[in-house]
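Since the structure comes first, as structure tokens, the remarks are kept for the end.
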Amino acid sequence: MNDSLKIGLITKPHGIRGELKVSPLTDDPARFKRLKNVIVEDKTYGVNGARVTADAVYLSLSGVADRNAAELLRGKFLLVLREDALPLEEFSFFISDIIGCKVVTEKGELLCTVTEVTSAKTDYFTATTVGGKTARFPFLRDMLVKVDIPAKTITVKEKRFGEICVYEN
């Protein structure tokens, strides 16, 4: 598991006082309001304030006092240390923990390996099959048997997986 987790992408400065517009990489942007520290390129910043809107999060960070300082952070990812991350709700996982997981049937047959997670109302996974094809499928509870992050394994109901998975190539 990674020591740090990506939680957002700084898209641009906002205003003249160093506020940052952030595209959140979480299903609950309100979590930004409870952050104490974030990391940008190996430098830790204290979070002075956070506002959440329908399309973005606006952050004020210690040491980022004006638009020029904020402009230097454009296009950079915000991270938090895993131990500082806010607890997840049941059936929620960090994307970095899901990527690289093997998707197997209840019988243990390897179907694919997750390569990407796209966040949406229902997250969907992109994976590579044993035969090299690209597979895409939504992350649905009725398909899952077990998610074992330490073992990097997602066990699925084979029949349901076959109904919802789309293959390319």
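Lysine pairs, Cα distance under 20 Å, 8 or more residues apart or cross-chain: how many in segment 34-147?
For segment 34-147, qualifying lysine pairs total 5.
Just to check I understand the Karplus step: with θ = phi - 60° and J = 6.51 cos²θ - 1.76 cosθ + 1.60, what whole-Hz values come out for segment 90-100, glycine and proline as x?
Coupling constants for segment 90-100: 4, 6, 10, 9, 6, 4, 4, 7, 7, 4, x Hz.
Would you mind checking which residues have amide H under 5 Å from residue 115's amide H? H placed 1.01 Å from N; only 5 or more apart, or other chain.
100, 126, 127, 128
What ³J(HN,Hα) values, in whole Hz, does the Karplus curve 6.51 cos²θ - 1.76 cosθ + 1.60 give for segment 21-37 when θ = phi - 60°, with x put for Gly and Pro?
These are the phi-based 3J(HN,Hα) values: 8, 10, 8, x, 10, 9, 7, 9, x, 4, 4, 4, 5, 9, 6, 9, 9 Hz.
For a quick protection proxy, order the peptides 90-96, 56-62 by their average other-Cβ count within 10 Å, most packed first.
Values: 90-96: 13.3, 56-62: 20.3.
Per-residue Cβ counts within 10 Å, averaged per peptide and sorted highest first, yield 56-62, 90-96.
If you roll a 1.4 angstrom probe over the protein chains with everything in place, what fraction of the accessible area of segment 55-145 belongs to carbon and sulfur, to the nearest %?
On the way: 2580 of 4980 Å².
Exposed carbon and sulfur together represent 52 percent of the surface.
Given a 1.4 angstrom probe, what's the average accessible area per residue across the chain, in square angstrom? Display every interim value, and only then the final one.
Values: 9840 Å² over 169 residues.
Roughly 58 Å² per residue, with all protein chains present.
Share of antiparallel DSSP beta bridges in the chain, in percent to the nearest 5? Provide the component values of the computation, followed by the final result.
Details: 45 of 49 bridges.
If I count the DSSP bridges inside the chain, around 90 percent turn out antiparallel.
The values are calculated or read from the model by the stated rules, or taken from the named source; none is laboratory data. As the structure is a prediction and not an experimental result, all values here were calculated from the model. FYI the Cβ positions are ideal-geometry reconstructions off the backbone, even for glycines, and counts take in every protein chain you see. Note: accessible area is taken over every heavy atom of the protein model, side chains too, but ligands, DNA and RNA are not part of it. Shrake-Rupley method; radii C 1.70, N 1.55, O 1.52, S 1.80 Å.
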